[in-house]
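Each remark here refers to the structure printed beneath this line.
All of the numbers you see were taken from the coordinates with simple rules; none came from a lab. Bear in mind the structure is a predicted one, so any value in this text is a computation, not a measurement. Because the Cβ atoms are built from the backbone with ideal geometry, glycine has one as well, and the counts that use them run over all protein chains shown.
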């Protein structure tokens, strides 16, 4: 169902039901008021005749019981009949055309009866020894009520139909900016990621346009990053593959020590290729959809122990571990925390002399845990510090994949942490990784 039709149905049906209910309410009240008014007319007519009788009572006396006095009563309004009779039942006066059975009522007050298929309503009052009865046909009342209702309903229906027509026009014209936006998006090429032009737009649609422009900008940035990433990956994988292929060809055409050396080089190239692919898979997992549902809690000390074991399995003594504060629980899966810290340790071990150690220090704050890794390597220049977290960046194209610190930064940003690098006064490089603490751990 289209938005236009949905709006029309919702507003139109609501408007029709609302005004239909109001109309029924008003017509019900109008019918009751009409009936009360007509009853009051009957009563007032009877009382008016009673007042005339009171002014000249002698004129209504019978003459020696010889019958009614020779008096006449003029015809009243259409549908209204009147009769004046004595208390003994003698008719003294009657309007022309009045049905005797309809107005021959002896009980004071209102009454209804059916005469010759017609229903009559009458009102009787007694005064000065005479009985006055007024009556009218209920069919004429119903005709009058139908005429009044028709006079009220027809303009109402015309106004309602006109309102629905104006509603259709208003909704159609109100949705024109949305239709223009749809047409503008439909005309765009699949690879067009430029922002939607900032044309005059209704205030209600401006947040939608802003959200679309933000989405297009994120898509443009993501596609550009993936294209750059694909280009870098192709270049990085081409080099070790070419080296492996070359060394295998050398091993095939040579013998002895030369062949063994070529095979050793080929094995080293394959290991480098495997490490690069593993780092690429890790980076893809971190930046892609990731499940945070992990039952095992990640504690800072345990993360540090596992990262030291993975980074230096053969020489764990090269890493000096210092912990300050109580054990802190991290607000991220243990695998991510271990991967980030292991890459920091790998980077420090790779750039430190083999005879010197590196330091890992943990400090728990109120909201996060800080992992500081200090090495005694050559350090980095200011322009190198600005590029060291870029993918595949390596100093002088040295060893490694150039993805370790990029993975650390991606994990930190994914979980709401941070990574900072700075050269300490003693030389080398100090990396500080901040990871958020779990909410339940902060409360305790």
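Relative to the current alpha-carbon distance between residue 215 and residue 138, full extension at 0.36 nm per residue lengthens the span by 20.4 nm. The distance between label points at residue 146 and residue 185 comes to 5.6 nm (points 7 Å beyond Cα on the Cα→Cβ vector). Computed over all pairs of different Cα atoms, the Kirkwood value for the hydrodynamic radius of region 298-443 is 15.3 Å. Computed from label points 7 Å out along Cα-Cβ, the spacing between residue 245 and residue 422 is 4.8 nm. When peptides 327-334, 379-386 are sorted by average Cβ neighbour count within 10 Å, with the highest value leading, the order is 327-334, 379-386. Using R0 = 22 Å, the C-beta based FRET efficiency linking residue 271 and residue 390 works out to 0.40.
Peptide packing for 83-91, 36-44 was compared via the average number of neighbouring C-beta atoms within 10 Å per residue; ordered from the highest value, the list is 83-91, 36-44.
Working ranking of peptides 16-29, 415-428 by packing, defined as the average number of other Cβ atoms within 10 Å per residue, highest first, is 415-428, 16-29. Residues within the reach of a label modelled at residue 110 (point 7 angstrom out along Cα to beta-carbon, backbone nitrogen below 16 Å), restricted to region 12-48, are 29-47.
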